[in-house]
Every structure is written in C-alpha cells, then in structure tokens.
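Undergrad: Below you will find the structure I want to go over with you.
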Amino acid sequence: EVLKAENIKKATIIGHSMGGYVALAFAEKYPKKLAALCLFHSTPFADTSEKKELRSKTIEQIIKGKGTSSEICKKHCPEIYAPENVEKFYIEIKKAIKIALNMSESGIVNSLEAMKNRPDYQDVFENLKVPVCYIIGKKDNFIPIEILEKIKMPKNSQTYIFENSGHAGHIEEPKKSLSIIEQFLLKVR
C-alpha cells in the first residue's frame, strides 16, 4: 500500500533481523516489486526446533508472569552486541532497554510468535533474480557465522562479514555499514 501511495514501482528493501524475515516475505509475495534486497543480521531459515522451544519458553514466562518483559528486555538488549562491545555501547543499550520497556507484553509475545512460526525462505532467497547484499556479524549471539556454510546465496549476491560486530553492525560498525549500504544502493540504481 505504501509503494502504491508513493507511486513506487520497485523497491530496494533492507531488512535488519526480524525485518529481514519481513523483507523475504515481501520478496515471495511481490517479486516483481523488488529491485534489490539486503539482509542485515538476518537469515532466510526458519527457526530451529531449539530456537522455537526457547521462544515458546519466553512467551510462556511472559504470559504466566514468571518472567516479566522488563527482565527479558534487560537480558536481551546487551546480547544484541558482541560481548566486548557491551561496555562500549552502554548508553545505546540503556536507550534500547527504555524503548523495549515501552512495548506491551502482547506486542513482545506476538513478535516472538511471528518469528517462531515464520516459514523457511531459503528457496525464495536462493532464487532471487535481483541484486542481494548479505551482512552478518562474526560475533552475533543470535545468528552464528557458521550459518554461511548452510545458506545458498543467490547468483547476484555479495556477502560481508563484520569482524567486530554482534547483531547490531549498524551501531557497532556504523561507517562500514553505511559504506556497504551506499555502495549497494549505487549498484542497483
């Protein structure tokens, strides 16, 4: 609807983390409206059974009141960063916690459910006919670097590994992030 309202025929979509799952759903549903795609600290795979179980336990804790969303946010936000970057980005982590604490518990539960139940998009990803940029942090606590051995990259893709980042390369290595995204966007014009 936004593309229609703005009269945009094709869009380059950059999806960070859960946004990558949304970007892949868009790519599957509207392939002719996609000009290019960037997955930034994201994966085309569905959750593993272990990850699904972990999300289910977190959901259950929130619903039963055994673990408040406040406790979950305070634990999760620092995990977004590479371990050695947690102290360096203390202020950013505090801001993220403050934002997360303003989310409703139902919003957190619904987000966890959506991620847990998302389909596997590897086939969609592998068969993309548009330029693709894939960015991953070497020290990501959520998406291990070894995933690169399993992902089947599209033909027209480039992969970038951020050596000093966890799941927040845009914050942990902002100049590198901006440079790669700018170069990618220039190529797809």
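Undergrad: Spot the failing condition for residue 102; the list is (1) open to solvent by 100 Å² or more (accessible area, probe 1.4 Å); (2) on the phi > 0 side of the Ramachandran plot, and only one is missed.
TA: Going through (1) open to solvent by 100 Å² or more (accessible area, probe 1.4 Å); (2) on the phi > 0 side of the Ramachandran plot one by one, residue 102 breaks only (2).
Undergrad: Tally up the residues in the range 69-88 that are closer than 25 Å to residue 23 by Cα and either assigned to a loop (DSSP other than H, G, I, E, B) or touching a residue at least 60 places away in the same chain (Cβ under 8 Å) (or both), please.
TA: The number of residues fulfilling the criteria is 4.
Undergrad: Oh, and also: Just a yes or no: is a residue in the range 66-73 open to solvent by 80 Å² or more (accessible area, probe 1.4 Å) and within 28 Å of residue 94 (Cα to Cα)? Working first, answer last.
TA: The first filter runs over the range 66-73 and keeps only residues open to solvent by 80 Å² or more (accessible area, probe 1.4 Å), leaving 66, 71.
Remaining after also requiring within 28 Å of residue 94 (Cα to Cα): 66, 71.
Looking for residues that are open to solvent by 80 Å² or more (accessible area, probe 1.4 Å) and within 28 Å of residue 94 (Cα to Cα), one finds at least one in the range 66-73, hence yes.
Undergrad: For residue 161, are the conditions met, namely being open to solvent by 20 Å² or more (accessible area, probe 1.4 Å), of a type outside the set (Asp, Glu) and modelled with pLDDT of 95 or more? Walk me through it before giving the result.
TA: Details: open to solvent by 20 Å² or more (accessible area, probe 1.4 Å): yes; of a type outside the set (Asp, Glu): yes; modelled with pLDDT of 95 or more: yes.
So residue 161 fits the description; yes.
Undergrad: Right, another one. Quickly run through the range 18-44 and pick out the residues that are surrounded by fewer than 18 Cβ atoms within 10 Å (Cβ to Cβ) and within 18 Å of residue 152 (Cβ to Cβ).
TA: 28, 31
Undergrad: Quick test for you: out of 142, 125, 89, 184, pick the one residue that is open to solvent by less than 80 Å² (accessible area, probe 1.4 Å), in contact with a strand residue (DSSP E or B) (Cβ under 6 Å, 6 or more places away or on another chain) and of a type outside the set (Ser, Thr, Tyr). Before the answer, list the steps.
TA: Working: 142 fails: in contact with a strand residue (DSSP E or B) (Cβ under 6 Å, 6 or more places away or on another chain); 125 fails: in contact with a strand residue (DSSP E or B) (Cβ under 6 Å, 6 or more places away or on another chain); 89 fails: in contact with a strand residue (DSSP E or B) (Cβ under 6 Å, 6 or more places away or on another chain).
Going through 142, 125, 89, 184 in turn, just one is open to solvent by less than 80 Å² (accessible area, probe 1.4 Å), in contact with a strand residue (DSSP E or B) (Cβ under 6 Å, 6 or more places away or on another chain) and of a type outside the set (Ser, Thr, Tyr): 184.
Undergrad: Which of the helices (runs of 4 or more DSSP H) contained wholly in the range 89-189 include at least 3 residues that are within 14 Å of the chain's Cα centre (by Cα), in contact (Cβ under 8 Å) with a residue 60 or more places away in the chain and closer than 30 Å to residue 32 by Cβ? Walk me through it before giving the result.
TA: On the way: elements: 90-101, 105-117, 122-126, 169-172, 174-187.
Passing ranges, in order: 105-117.
Undergrad: Go through the range 29-56 and report how many residues are assigned to a loop (DSSP other than H, G, I, E, B), closer than 24 Å to residue 109 by Cα and not β-branched (Val, Ile, Thr). Outline the logic, then answer.
TA: Start the filter on the range 29-56 by keeping residues that are assigned to a loop (DSSP other than H, G, I, E, B), which leaves 30, 41-48.
Those still in the list that are closer than 24 Å to residue 109 by Cα too: 41-48.
Retained after the next criterion (residues that are not β-branched (Val, Ile, Thr)): 41-42, 44-47.
Qualifying residue count, the range 29-56: 6.
The values are calculated or read from the model by the stated rules, or taken from the named source; none is laboratory data. Computed from a predicted model, the values in this text were never measured in an experiment. Quick reminder, even Gly has a Cβ in these numbers, built from the backbone with ideal geometry, and neighbours come from all protein chains shown. All accessible areas refer to the heavy atoms of the entire protein, side chains included, with ligands and DNA or RNA removed. Shrake-Rupley method; radii C 1.70, N 1.55, O 1.52, S 1.80 Å.
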